[in-house]
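Worksheet: the structure to be examined is printed underneath.
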Amino acid sequence: MADRQMYDLIILGSGPAGVQAALQASRLNKRVVILEKHSDRLGGAWIHTGTIPSKTMREVLAAISSVHSHLGEHWVARLVRNLSTTRLRERAVTASMDEEKIIRDELKLANVEIIHGAGYLESANQVRVMQRNGSSYIIESKFILLATGSKPRRPDDIPFDGWRVVDSDDVLNLESLPRSIIVFGAGVIGCEYACIFAALGVKTYIVDARTRIMQFMDQEIAEELKNTMEDLGVVFRMGHTFEKVELNGAMVRVHFNDFSLEADVFFFAAGRESCTDRLGLERVGIQVNDRKAVKVNRYFQTSVPNIYAAGDIIGPPALAATSSEQGRLVSCHAFGMGQVNFPEFFPIGVYTIPEMSSVGHTEEELQKEDIPYVVGRARYDQIARGHIRGDNHGLMKLIVCTQTHRFLGVHIVGADAANLIHIGQCCMVANMTIHDFVNSIIFNFPTLAEGYKIACFDALAQLEGAHDLKDLLNFKPTGS
């Protein structure tokens, strides 16, 4: 290989940000290369340890759980009892391999080069490729994108061993199903895996120093999820500080500030940190924050303008969907497609059992900002399709501004929430009022989407000055 190779864009990392940046640059006829240090896999945590495998396992168990309302607990227990954990893991691995093949085919079709090796910044335009055999060489580019993702946070005082004490990279590799598990961390990862284990019949505890789960989500919706998870068998112990872990043979004992628990497995799920070590950031003067996340501007440029960063490496929201869009916008901005902006409204999907999803403002945010609003609600058992499904839990919540009558936020917990949220997202992007919505949208019957109409009429009934439904439906906000 020649000592120097020139590209238009060098990408470090093959997660969703890196892949979409590469595909967008290719559409603009640019020469692109992706550096991936794991020679045996492409796609990073997105495909191999996070999104795809965990959601595959969750999909299987959510399908089994849905049988409960139709056939009863006996059949759910029978299906779970006969479900091979080996088969479940194999299904997840197969889904990951299939997705990786799709990505490889897309990149090949787009003429994106892939180099297996770790990247190190030599200068603002040069990257040293370090290979496993110890040799290295330099490649050059007009632009560089850092998209190396994130990894589970691993405090030094926790004895991770991959089978009794695990993180989210280890948990999918457990060779046998534990009888009990303690999950520390009531965020997205902790709650998603707690649902998987509980649905498998594992005695599951979630402990967190905070008093509420999913602090960043609307808390009424989060509380509804918590109630559903408790019905699934998850035991919550909130407001307790972690102190230490003791290994006791095949068991693990976890000490908190005022009690202790013993289980087969301790799953530490309290945060992730950006993969910024050994990239040479300090060599070129790129700044990071206290969680090692790279600092960027609105166009995802670092403190070195021709070097960009996107995805988990820059911190929240750290979602596969947002990372993909960030990567695409990097290539658009770098190659002169105007002043592109990241969308104001984007959905958050949490793949628990059932799903939870959100877009826009929460009630807590609006209260803090003193913005007037009303809330329209539709419970799943009020929706014909929800009643047919036997959904005892589930809530759709619309937050509407009392002044403009436009949607400020949509929050859903229940079956298919991560799909249903896109209806609310489109309403917000279109700046639609609640009146536009009820007067122009018809949903198939029976569908869960009908919950939007139920929630809209609930909100309309609460709007101030609404004495006559006819007048209310013809309302025009100021400035419209």
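Remarks
- Of Lys226/Lys295; Lys55/Lys203; Lys55/Lys368, those spanning more than 31 Å from alpha-carbon to alpha-carbon: Lys226/Lys295; Lys55/Lys368
- Modelled label reach - Lys368, point 7 Å along Cα→Cβ, region 208-246 residues with backbone N closer than 11 Å: 216-217
- Summing Cβ point charges (Lys, Arg +1; Asp, Glu -1) relative to the Cα centre of the chain gives a dipole of roughly 1060 debye.
- Student exercise, region 165-270 dipole from Lys, Arg, Asp, Glu Cβ charges, in Debye to nearest 20: 260 debye
- Screening the chain for whole DSSP H helices with an alpha carbon extent of at least 27 angstrom along the helix axis and a mean Kyte-Doolittle hydropathy of at least -1.0 yields 85-109.
- Positive-end ranking of Ala263, Ile313, Ser303 along the dipole of region 189-337, with charges on Cβ about the Cα centre, is headed by Ser303.
- Within the shell defined by Cβ-Cβ distances under 14 Å, the residues around Pro305 carry a net charge of +3, with Lys and Arg each +1 and Asp and Glu each -1.
- Exposure proxy for Glu73, Glu140: other Cβ atoms within 10 Å of each Cβ, ordered fewest to most, give Glu73, Glu140.
- Order of Tyr205, Tyr380 under a 10 Å beta carbon neighbour criterion, fewest first: Tyr205, Tyr380
- Size descriptors for region 149-189, from the alpha-carbon set: Rg then Dmax equal 10.8, 33 Å.
- For Lys292, a cut-off of 22 angstrom between C-alpha atoms picks up these lysines, skipping any fewer than 8 places away in its own chain: Lys37, Lys151.
- Look at the alpha carbon pairs under 8 Å that are at least 6 residues apart: their mean separation over the length of the chain gives a relative contact order of 15 percent.
- The aspartates and glutamates within cross-link reach of Lys30, meaning a Cα-to-Cα straight distance under 15 Å and a gap of 8 or more places when in the same chain, are Asp8, Glu113, Glu140.
- Here Met396, Met229, Met432 are placed in order of increasing Cβ neighbour count within 10 Å, fewest first, which gives Met432, Met229, Met396.
- Estimated dipole of region 354-473 in Debye, rounded to 20 [Cβ of Lys and Arg +1, of Asp and Glu -1, Cα centre]: 320 debye
- Derived scalar couplings between HN and Hα for region 396-410 equal 10, 10, 10, 10, 10, 5, 6, 8, 9, 6, 9, 6, 9, x, 9 Hz in order, rounded to whole Hz, by the Karplus curve 6.51 cos²θ - 1.76 cosθ + 1.60 (θ = phi - 60°), x for Gly and Pro.
We did not get these values from a lab; they are worked out from the coordinates using the rules stated. Remember, it's a predicted structure, so these values are computed and weren't measured experimentally. Backbone-built Cβ (ideal geometry, glycine too); neighbour counts: all protein chains shown.
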